[in-house]
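The values are calculated or read from the model by the stated rules, or taken from the named source; none is laboratory data. A quick note: this is a predicted structure, and the numbers were derived from the prediction, not measured. Backbone-built Cβ (ideal geometry, glycine too); neighbour counts: all protein chains shown. Only protein heavy atoms, including side chains, enter the accessible area calculation; ligands, DNA and RNA are left aside. Shrake-Rupley method; radii C 1.70, N 1.55, O 1.52, S 1.80 Å.
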Amino acid sequence: MLRQTADMDLLPVAQIVKSYDINGEVVVRLTSGILDDYDFKKEPVFIIFDGLPVPFFIVSFKTKGSNGALIKFETINDLSHAEELIKKEIFVDSTTIDTDSIEVDEDQAMAAFLTGFKVKDQNGKEVGKISDYYNYPNNPCIELNGKNLVPFNEELILKLDNRKRIITMTIPGGLLEE
């Protein structure tokens, strides 16, 4: 999904998951393969701050696992600044890439979007945070706290608050370890 600003269309390509070291590196979850072929020396990536896209140049990019990477931004040089980026999305200007060749993995995009949401049960009790998303055929599931799988479909979702990153849903009995 493109995000439009005054003079460019921004395409989400990753989400920053956590800081990595004291030198400002961050771990990201890739939502497309665009960054694998991106020319970091010529084109910046963008992170939204206060509704505005702020350009960042990447000086180091190392893949990590099947859908992750370790990124070092040019102007982020310490742990405290890296931690300010956690949960932020990374965008590229779609006018600088060949969008016909883009293949976005919708499952990875959904996982990147949902990771970190708090989940409340039908009684309003917080039961955990989403740590992953799995698109099993006819039975998509979310993983809570890295251990409990819970079905994730429209019939079970009672409320989704994007701003507060909270999902209230009906959770069938016996699915949560206490």
Taking a cut-off of 22 Å between Cα atoms, list the lysines near Lys72, but don't count ones fewer than 8 places away on the same chain.
Lys18, Lys41, Lys42, Lys62, Lys64, Lys87, Lys88
Pop a pseudo-label 7 angstrom from the Cα along the beta-carbon direction at both Asn77 and Ile48 and give the gap in nm to one decimal.
3.0
Placed amide H near Gly128: partners under 5 Å, 5+ positions off or other chain:
Val119
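Sort 18-26, 119-127 by packing, meaning the average of other beta carbons within 10 Å per residue, with the highest value first.
18-26, 119-127
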Rounded to a whole %, the carbon-and-sulfur portion of the accessible area of region 113-178 at a 1.4 Å probe is 46
Straight-line reach from Lys125: which lysines have a Cα under 17 Å away, not including same-chain ones fewer than 8 places off?
Lys159, Lys164
